[in-house]
Structure formats: structure tokens, C-alpha cells
Amino acid sequence: MAAAWDSYVLAGKAALNQAAADADARKRAVRAALRLAYYWYNMVPLSRGGSAVGLVTLHGLLLAAGCGAAVQPPPGVQVDWEAMLAPTLTDFCRAVEP
């Protein structure tokens, strides 16, 4: 988790410091936030309120990196279940990224 957090901080700073048109920096920040969410959902599966906390935290991380409104999961996708059922982080990111 510490490595995932450090990765998010670096990607988030890069996304904020670079021009808003830089889609690559934003994508790295989104991926880093999704990595933290993936680990969160797999460490606290089905605990009471854990999914809601994870989703709010994910939105907070995305907003902090300046990419909150641009990234939403596709309609009908529940982020927590996608994370718990995805065998790898890459599969999870593919499922929830627009």
C-alpha cells in the first residue's frame, strides 16, 4: 500500500502540474488511484460500509489529482464488485475505465 500511495502522489502531482490537456498525466493519476482502490476493495471485502468508503475515497483521490469529473465507470458497473472479482489490477482498470 505504501508503494501504491507513493505512486499516486507522484502521478497526482504530475497531473496537477502539467497542462490540463495532457491526457497521459491524467491517465497515470487515474491508474494510480484505481490501484489504491483495487487494493482497498480486496482487503476489506463485504465489510459493512467498506465499499462506500472505498468509492468516496476513490472519488476524493481523483478530485485531488484534478481528474474527478472526467472519469466515471461505464453505466451498470459497480466498482467494488469489479475489483473483488477481477483477477488482476489490469483487468480491474480495463473494466472501470471509460
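Things worth noting here:
- Within the shell of other residues whose beta carbon sits under 15 angstrom from the beta carbon of ALA25, the net charge comes to +3, with Lys and Arg scored +1 and Asp and Glu -1.
- Counting 0.36 nm for each residue step from ALA64 to ALA2 and taking away their Cα separation leaves a gain of 20.5 nm.
- Under conditions of 4 °C and 1.567 mPa s, the chain yields 97 µm² s⁻¹ as its translational diffusion coefficient, taking Rh as the Kirkwood radius over Cα pairs in the Stokes-Einstein equation.
- Under the span-like rule (Cα at least 18 Å along the axis, Kyte-Doolittle mean at least -1.0), DSSP H helices of the chain: 2-17, 23-43, 50-64
- For the chain, averaging the sequence separation of C-alpha pairs within contact (under 8 Å, six or more residues apart) and dividing by the residue count gives a relative contact order of 28 percent.
- If R0 is 35 Å, the Cβ-Cβ spacing of ALA52 and ASP24 corresponds to a FRET efficiency of close to 0.65.
- Entry note, the chain: the mean residue ellipticity at 222 nm calculated from DSSP H runs of n ≥ 4, each adding -39500 (n - 2.57), is -22000 deg cm²/dmol after division by the residues and rounding to the nearest 500.
Throughout, read-outs are computed from the coordinates displayed, never taken from laboratory work. Nothing here was measured: the structure is a model prediction, and the numbers come from that model. Using ideal geometry, Cβ is built from the backbone for each residue, glycine included, and neighbour counts are taken over all protein chains shown.
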